[in-house]
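To keep things clear, I will list the structure first and then write my remarks on it.
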Amino acid sequence: MALKSTNPTKTKSWQLLQHHFEAIKDIHITEYFNQNPNRANDLTLKWEDFYVDFSKHRITKETLDLLLQLANEVDLKDAISKYYNGDVINETEGRAVLHTALRAPESAKIMVDGVNVIPEIYQVKNKIKAFTNQVVNGQLKGFTGKPFTDVVNIGIGGSDLGPAMVVEALSFYKNHLKTHFVSNVDGDHVNEVIKNLNPETTLFVVVSKTFTTQETLSNANTIRQWFLKSGKQSDVAKHFVAVSTNIEKVKEFGIDESNIFPMWNWVGGRFSLWSAVGLTISLAVGYDHFDGLLSGANKMDEHFKTQAFDKNLPVITALLSVWYNNFFNAESEAVIAYSQYLNQFATYLQQGIMESNGKSVDRSGIPINYQTGTIIWGEPGTNSQHAFFQLIHQGTKLIPAEFIGFAKSLHGNKDHQDKLMSNFLAQTEALMTGKSKNDVIDEGSSKHLVPFKVFEGNKPTTTILIDKLTPESLGKLIALYEHKIFVQGVIWNIFSYDQFGVELGKQLANTILSEINDSSVVNNHDTSTSNLLKHYKNLT
């Protein structure tokens, strides 16, 4: 086994953490500030253009020391080394986990099965660069000789969520190409996207490792049929490119082999935006900005790999997550980005975190009797303040939150930015301090309203303040969360990089589809599913 299998709850540090938790669980965060005027400085990490404040957490120095001891007891250092060195840490699928290699410098040497993969990575990157430049500059044209105006990304899961999130996040840096994303097998979705497109000037990027994914291939075939109403089969090669490993299937579809961008099995789908899966990103913002994204991620990779754990951003954020998940029994975490550009960031993290760490057996295949993956959710501030913040402030659930903000706006409107960031700063203060009964009375509230206006406070938050939203800073931020996922998985003693849980539903969907298409086919189902299937067929 590449990664050691250690039940975290059996470690000495876990037992000490449990005793420590009982001792401090009811202490208000504000008391810690009263005891230590230097707390904010002590619990803030500054790295590059990141300023990360952990001081508004229900922790002490002893808490952090014990959490770091836990990381050492499960041998996190050894796991990180194997992660970067291409060991088969995705053991259930027999694969290395090397999305970090995709953003490594050309001088790096990373071995997989005895072969340095860096040269082939850069071969693909050069192909992405050349193709991007030809499309953006208008050298590559459609079947009627017109340059491309629109790009449609056809994929699902990691082949959609990552590129879609990044393209929106970097829309300030976009060029003239309009980008669209088709993912859901919902026919209304794909038809809504293509109804206003011109087939003469639209480029389609089909992203599917196996070129057999039902949703992606259904959408690709529907779009090809729409395209063929205007162009010939031979024109498909000028308008469709593929990111895939299944060359024969792609060629059967009508895509020219020279327009196939390869993938590798040591890159999981939800971590693949750094590969050719990011082709649409490169097309949308230009290759230089795409490369800046990779560069930022590589800087976070090096930080995670080399920095001591007590100064290591992914390690500290992961340990805090374990602290709340496993000791406070907080089942969810909110991610609140104070930038509309990051509108899809929480959605993107949902796949990354919940598909990775939603596991109930450990690395030895033994059922787990402790909590693993956290539920991730969120929306941009300040919109979210007018929605679910009520529950975080005064609800009965403890919901740790991570606040992400940028000091400088991109369009330079300081008035708006000051208002945005005043909310960003105020909310973490309000969540921590709350409002006491005496405060409410002093405000002049009538006696019967006092209990309704009291805020307990003591709600933990991490504040991530970044100078400016750039391709590089976004790359750092995404990589921070990728490594946080890894650390959580190591501590929880699970395999983070398989996703067998998504397969059963797909298998049953194919079974039911055969019954919908052929009334003579009858399979065994529970009575609820049988009744629903019958009712659906009657309606259609």
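The values are calculated or read from the model by the stated rules, or taken from the named source; none is laboratory data. Since we're looking at a predicted model, the values are computed, not measured. All Cβ positions, even for glycine, are placed from backbone atoms using ideal geometry, and neighbour counts span all protein chains on display.
So Pro314 passes all but one of these: (1) touching a helix residue (DSSP H, G or I) at 6+ places or on another chain (Cβ under 7 Å); (2) surrounded by fewer than 23 Cβ atoms within 10 Å (Cβ to Cβ). Which condition number does it fail?
(2)
Here's the yes/no breakdown for (1) assigned to a loop (DSSP other than H, G, I, E, B); (2) within 19 Å of Arg270 (Cα to Cα); (3) in contact with a Gly (Cβ under 8 Å, 6 or more places away or on another chain):
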residue: Ile316; (1), (2), (3): no, no, no
residue: Leu320; (1), (2), (3): no, no, no
residue: Gly352; (1), (2), (3): no, yes, no
residue: Ser356; (1), (2), (3): no, yes, yes
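Which of (1) hydroxyl-bearing (Ser, Thr, Tyr); (2) in a loop (DSSP other than H, G, I, E, B); (3) out of contact with any helix residue (DSSP H, G or I) (no Cβ under 8 Å at 6 or more places or on another chain) does Tyr324 not meet, given it meets every other one?
Single failed check for Tyr324: (2).
Scan (1) closer than 28 Å to Ala79 by Cβ; (2) assigned by TED's automatic domain parsing to the domain that holds Ala220; (3) out of contact with any strand residue (DSSP E or B) (no Cβ under 7 Å at 6 or more places or on another chain) for the single condition Asn265 breaks and write down its number.
Going through the list (1) closer than 28 Å to Ala79 by Cβ; (2) assigned by TED's automatic domain parsing to the domain that holds Ala220; (3) out of contact with any strand residue (DSSP E or B) (no Cβ under 7 Å at 6 or more places or on another chain), Asn265 breaks only (3).
So if I check each of Pro163, Pro105, Pro147, which one is over 27 Å from the mean Cα position of the chain (by Cα) and at pLDDT 95 or above? Spell out how you get there, then give the answer.
On the way: Pro163 fails: over 27 Å from the mean Cα position of the chain (by Cα); Pro105 fails: over 27 Å from the mean Cα position of the chain (by Cα).
From the options Pro163, Pro105, Pro147, the qualifying one is Pro147.
Anything in segment 186-204 that is assigned to a helix (DSSP H, G or I) and not polar (S, T, N, Q)? List them, or say none. Show your work before the answer.
Initial filter on segment 186-204 (assigned to a helix (DSSP H, G or I)): 187-194, 199-201.
Once the filter is applied, which keeps residues that are assigned to a helix (DSSP H, G or I) and not polar (S, T, N, Q), segment 186-204 yields Gly187, Asp188, His189, Val190, Glu192, Val193, Ile194, Pro199, Glu200.
Of all residues in segment 116-138, how many are surrounded by 11 or more Cβ atoms within 10 Å (Cβ to Cβ), outside any helix (DSSP H, G or I) and more than 26 Å from the chain's Cα centre (by Cα)?
Counting residues in segment 116-138 that are surrounded by 11 or more Cβ atoms within 10 Å (Cβ to Cβ), outside any helix (DSSP H, G or I) and more than 26 Å from the chain's Cα centre (by Cα) gives 2.
Residues of segment 221-239 being out of contact with any helix residue (DSSP H, G or I) (no Cβ under 9 Å at 6 or more places or on another chain), over 15 Å from Val250 (Cα atoms) and assigned to a helix (DSSP H, G or I), which ones?
Gln225
Which condition breaks for Ile404 when tested against (1) of a type outside the set (Ser, Thr, Tyr); (2) outside any loop (DSSP other than H, G, I, E, B); (3) free of Cβ contacts under 8 Å to residues at least 12 places away in the same chain?
Unmet condition: (3).
Since Ile516 meets every condition but one in (1) farther than 22 Å from Trp377 by Cβ; (2) exposed (fewer than 12 other Cβ atoms within 10 Å of the Cβ), which condition does it not meet?
Ile516 satisfies every listed condition except (2).
For Asp442, all conditions in the list (1) touching a strand residue (DSSP E or B) at 6+ places or on another chain (Cβ under 9 Å); (2) without any contact (Cβ under 8 Å) to a residue 60 or more places away in the chain hold save one; what is the number of the exception?
Status for Asp442: all satisfied but (1).
Step by step: first the residues of segment 262-308, then only those that are of a type in the set (Asp, Glu) and closer than 28 Å to Glu93 by Cα, then the one that is surrounded by the most Cβ atoms within 10 Å (Cβ to Cβ). Which residue is that?
Per the criteria, the residue is Asp301.
So, Gly138, is that one in contact (Cβ under 8 Å) with a residue 24 or more places away in the chain and either in contact with a strand residue (DSSP E or B) (Cβ under 9 Å, 6 or more places away or on another chain) or within 28 Å of Leu477 (Cβ to Cβ) (or both) or not?
no
Would you point out which residue out of Thr461, Thr382 is of a type in the set (S, T, N, Q), touching a strand residue (DSSP E or B) at 6+ places or on another chain (Cβ under 6 Å) and within 28 Å of Leu293 (Cβ to Cβ)?
Every option except Thr461 fails the conditions.
Within the set of pairs 6+ apart or on separate chains, which have a first residue in segment 47-61 that is more than 21 Å from Thr470 (Cα to Cα) and of a type in the set (Lys, Arg), a second that is assigned to a strand (DSSP E or B) and modelled with pLDDT of 95 or more, and C-beta atoms under 9 Å apart?
Final answer for the pair search is Lys56/Thr461; Lys56/Thr462; Lys56/Thr463.
Scan segment 227-250 residue by residue and report those that are surrounded by fewer than 17 Cβ atoms within 10 Å (Cβ to Cβ), more than 24 Å from Val267 (Cβ to Cβ) and of a type in the set (A, V, I, L, M, F, W, C).
Leu228
I'd like to check which helices (runs of 4 or more DSSP H) are fully inside segment 1-49 and have at least 3 residues that are in contact with a helix residue (DSSP H, G or I) (Cβ under 6 Å, 6 or more places away or on another chain) and under 20 Å from Leu76 (Cβ atoms).
Once the helices (runs of 4 or more DSSP H) in segment 1-49 are filtered for at least 3 residues that are in contact with a helix residue (DSSP H, G or I) (Cβ under 6 Å, 6 or more places away or on another chain) and under 20 Å from Leu76 (Cβ atoms), what remains is 12-24.
Under the condition of being under 22 Å from the mean Cα position of the chain (by Cα) and surrounded by fewer than 21 Cβ atoms within 10 Å (Cβ to Cβ), which residue from segment 93-102 is nearest to Leu480 (Cα to Cα)?
For segment 93-102, the residue satisfying everything is Arg95.
Does at least one position in segment 391-399 carry a residue that is of a type in the set (Val, Ile, Thr), modelled with pLDDT of 95 or more, over 24 Å from the mean Cα position of the chain (by Cα) and more than 26 Å from Lys468 (Cα to Cα)?
Within segment 391-399, one or more residues are of a type in the set (Val, Ile, Thr), modelled with pLDDT of 95 or more, over 24 Å from the mean Cα position of the chain (by Cα) and more than 26 Å from Lys468 (Cα to Cα).
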